[in-house]
Each structure stands twice: as C-alpha cells, then as structure tokens.
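Nothing in this text is a laboratory measurement; each read-out follows from the coordinates by a stated rule. Given the structure is predicted, the values throughout are model-derived calculations rather than measurements. Neighbour counts are summed over all protein chains in view; Cβ atoms, including those assigned to glycine, are modelled from backbone coordinates with ideal geometry.
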Amino acid sequence: MSEAALALSLFFHIGATVIWIGGILLVTFLVVPELNRALADQPALYQLLRRLRKRFTPLGNLSLAALIVTGLLQMSTNPNYEGLLSFSNRWSQVLLLKHLLLIVMAAAGLLLQIAVAPALERTSLLLERGQGDAGEWSRLRQRERRLSLLIAALAVLILAASAWLTAI
C-alpha cells in the first residue's frame, strides 16, 4: 500500500474511532445521565432518548464498518502481521485480544439494537400516550444501561489494546 493510501486509511480509521468510541462514551457518561436528571421520567425524556438512539445508531454502525475495513487494510501492511491465524508474536496476540473484545462489543451492541431498543421504543411510545407500563420501561432502561456500560468498558479496553499494539 502506498504511503498516501496508508495515510488516508489511518485518517478514516482515527475519524471513525473518534465518532464511534467517542460517541459511545459521551452518550453513556454525559448525555444520558444529564437527560435523566433533568427530565426524570417525563414524556419528553422518552422522546429525547428515542431520537438520540435513532441519530447515533446509523452513525455508529457506519463508523464500525469503516473501522473494520481500514483496520484490515492496516493490519495486512504491518510488518508484524504473519498471516491469518498466526499468533507467534506479541503483536498478533494483542491484535487477537483486540479483535475478541471488538466481537463481544459488537454482539452487545447488536443485542441492544435488535432486542432492547425496539422494546424500549414501543414502551416509550405507549407511555407518551399514557398507556404504557412505567415499571417495564424502567426494567428495559436498566438493561440498556447495563449493555451501554459494558460497551463503554469494552471500548476503553479496545483503545488500550490499540495503544499497546502501537507500542509493540
């Protein structure tokens, strides 16, 4: 890969990392807790959280796709890369760890997107109309919170693994 192509790949990789992991950490630790404090179970809270999810999910998924593509390109050009399923050096072992963390993180995100978020959205819409079960909404929000915290923790571990790879 040419120097210019590698630089472009790194640019998109870093940009996608900022959007994906930065967005996850920002939403998890700043935006959602403040919305909860400010709007505490008001119908506006349900609407804002739903809108936030709808805006961030496609952007996060696009960033993840960009990370996968650019990461594979960069991996294949790294002098430490010895081939598929070859883990004979520290770099490839740390890369394996990073990929395993990424798989777990993506699975948690998928669970959040296809199971918890749609149920939460249905319950939120019912609550906005005065027909929902606030207890069910609270249980779903707790599941969403746990998955979000797991995803955020995995994001930090992935960043740590990336730093470790760079240091090797």
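Here are some notes:
- The length gained by stretching the chain between L150 and Q47 to full extension, at 0.36 nm per residue less their Cα-Cα distance, is 34.7 nm.
- A viscosity of 1.002 mPa s and a temperature of 20 °C, combined with the Kirkwood radius over Cα pairs in Stokes-Einstein, give a translational diffusion coefficient for the chain of 121 µm²/s.
- For region 40-83, backbone nitrogen atoms closer than 13 Å to the point 7 Å from L96 Cα along Cα-to-C-beta are found at 82-83.
- Extension gain for the segment F29 to L72, taken as residue separation times 0.36 nm less the Cα-Cα distance, is 12.5 nm to one decimal.
- Volume of the convex hull of region 104-163 (Cα atoms only), normalised per residue: 62 Å³.
- Of the DSSP H helices in the chain, those that are both long (alpha-carbon extent of 30 Å or more along the helix axis) and hydrophobic (Kyte-Doolittle mean at least 0.5) are 90-111, 134-167.
- Using the Cβ-Cβ distance between R37 and L62 with R0 = 35 Å, the FRET efficiency computed as 1/(1 + (r/R0)^6) comes to roughly 0.70.
- For R129 and W164, the FRET efficiency from 1/(1 + (r/R0)^6), where r spans their Cβ atoms and R0 equals 41 Å, is about 0.25.
- Whole-Å distance, taken between Cα centres, linking region 1-31 and region 40-85: 9
- Projected label distance in nm at Q142 and Q113, using a 7 Å step from Cα toward the beta-carbon: 2.7
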